[in-house]
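Single-structure report; data block below.
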Amino acid sequence: MMVCLARVWQRGSVFAARLRKQDWTPKLSNLSVTYYSTKTAPQIPGMEYQDAICTLNTLQTNASALEQVRRERGHPQLQLQAMRGFLERAGLTVEELDHLNIIHVTGTKGKGSTCAFTEQILRSYGFRTGFYSSPHLVQVRERIRINGQPIGKELFTKYFWQVYGRLDETKDAHGGTMPAYFRFLTILAFHVFLQEKVDLAVIEVGIGGAYDCTNIIRRPWVCGISSLGIDHTQILGDTIEKIAWQKGGIFKPGVPAFTVKQPEGPVAVLKERAKEIRCPLWVCPELEDYQVDCGPLRLGLAGQHQRSNATLALQLSHTWLQRRCLPDKSFPSTNVENAAVPQATRFKPSPIMVKGLADTEWPGRTQTLRHSTVTYFLDGAHTTRSMQACVHWFRDTAAQHERKANGPVARVLLFNATGERDSAAMLKLLVPCHFDFAVFCPNITEAIASCNADQQNFNVSVENMLTRCLDNERSWRLHNCMGDKPGAQLLIRDSLPLVPESKMDTLVFPCILSALQWITQGRDSVLADPAKRAIPVKPSVTAKAAPLREATEVHVLITGSLHLVGGVLKHLDPSSAK
């Protein structure tokens, strides 16, 4: 961490000096600023990718940004006003965003997968696509994709300094304010998509909808709402109806919108929101209701819950194609007086759509990786509803793998949850999976210092992260009737029992790498790389791993946090960090 900050501090004065030498500073007159497009802003020579990421990370803890968030929480409409101001300071306008041909998607569960299906379908038609999502798994640039691929480090660095430079040079005239982390990345994504001249942009909402910073979009071509549930209650409200009201905030007058089947309460709220905004709204049919010649539709993403995401993606892509390719065809409106939201048309998906659904990839969501005799099951489920889907997927998929095993299989849970998430409720859902070990660790990739700026989080202390892990471990023991002996199994404590008290045992590790190396016991050559240095494990902890060494195969479910999944993928797929 300090290595990265030192790079920023060292180069900061150089960066500022270079800015002063450039003749592209906007002229200030009576606080009225005239901007022009950031495409004319220079790239700052010598500022590398890691410099850009380290500078970006300073926006996580920017004091004025935190004060700004606190001030706006009681007046959420100020968030969009602030976002427009930052957009203009960056040299962009909301009018320019109108030309991005946007598909705007929100929801509690599945919005990222829906976006991935939609983007793949339209890319399969030959369109040049932009895709903005969050969070990232391994590298920040994953959030901004062109034609399905994260933008390269050189492009990210080039566009980052263009946008950051413009905002930095105007901050003195605006009380020293800079946009917070997610706001900045949203502005950067819009800038990248405009500069790279995409045919369309699939934009995933960050949190909620009505006051999310992506909602400065005025004229999307179509909107979608995936499955709704309880999450981010401090921001969105503590009932599913309040959350539905926030999600429906992305509706726009005359812009077609689609949602999947939802409980009666939130559907009524969405219908009322659509009526207020004069937005035609439909409910997607079941996936099996589409007429296809090739038999049941095959999805590239595993799990039954992906079926509702796929039908929403079909409606979004179909509507976008209709509006883009058949501009003279008027889109039917819905009768707002109907008691129920009408069902969308059950059209026949084209062969390109069928292929797009089958080809979709979205790492970290119901993903299976096999390394020798270790199989990793990765899913970033972080709500009770998404955990229910994860458990259903894991039990089915792991059972299929176990039937093919040539001997005993050890099951291990690797879990972490962050923020306000109800980890105890999620852990309770995981109990029926019958794990031999439950392992807990914070979202820290490795405890030995390294400059891994893409995955640094300055908003929570290491102490708080480890405390949360101990709480999770205690919840798991209580759910499994193992008693409550706080700290007994913490790796960094001195006293550890040599023999597990029951078949299932628990441990807490200080980082992801330590946890993975203990779980795999040298079976995974990627993790056995000498370059991967972890804190040495005590003999008492090594003794606990006897069942793992004796098993023919080890199956590991990694869940509870997308950040945890991302940290695991960094180690399992070294190419993802290059």
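Worth pointing out:
- Estimated inter-spin distance, Ser525 and Arg395, nm [label 7 Å along Cα→Cβ]: 3.7
- The orientation-averaged shadow of the Cα convex hull for region 211-311, equal to a quarter of the hull surface, comes to 7.6 nm².
- Residues in region 127-236 average 27 Å² of solvent-accessible surface per residue, probe 1.4 Å, ligands and nucleic acids excluded.
- Sites listed here are GluC sites (Glu not before Pro) in region 357-429 whose DSSP assignment is loop and whose Cβ has at most 16 other Cβ atoms within 10 Å: Glu361, Glu420.
- Gain on full extension, evaluated as 0.36 nm per residue between Lys153 and Cys433 minus their Cα-Cα distance, stands at 96.8 nm.
- Taking 0.36 nm per residue of separation and subtracting the current Cα-Cα distance, fully stretching the chain between His99 and Asp359 would add 90.8 nm.
- Surface listing: Leu466, Leu513 arranged by accessible area from highest to lowest gives Leu466, Leu513, probe 1.4 Å.
- When the trypsin sites (Lys or Arg not before Pro) in region 199-290 are filtered for DSSP coil states and for at most 13 other beta-carbon atoms within 10 Å of their beta-carbon, the remaining sites are Arg218, Arg278.
- Each label point was placed 7 Å from the Cα along the Cα-to-Cβ direction; for Lys197 and Arg533 their separation is 4.9 nm.
- If you sort Tyr181, Tyr159 by accessible surface, 1.4 Å probe, largest first, the order is Tyr181, Tyr159.
The values are calculated or read from the model by the stated rules, or taken from the named source; none is laboratory data. Predicted model only: the values in this text are computed from it and were never measured. Glycine gets a Cβ as well: all are built from the backbone with ideal geometry, and neighbour counts include every protein chain shown. Areas reflect the complete protein model, heavy atoms only, side chains present, ligands, DNA and RNA absent. Shrake-Rupley method; radii C 1.70, N 1.55, O 1.52, S 1.80 Å.
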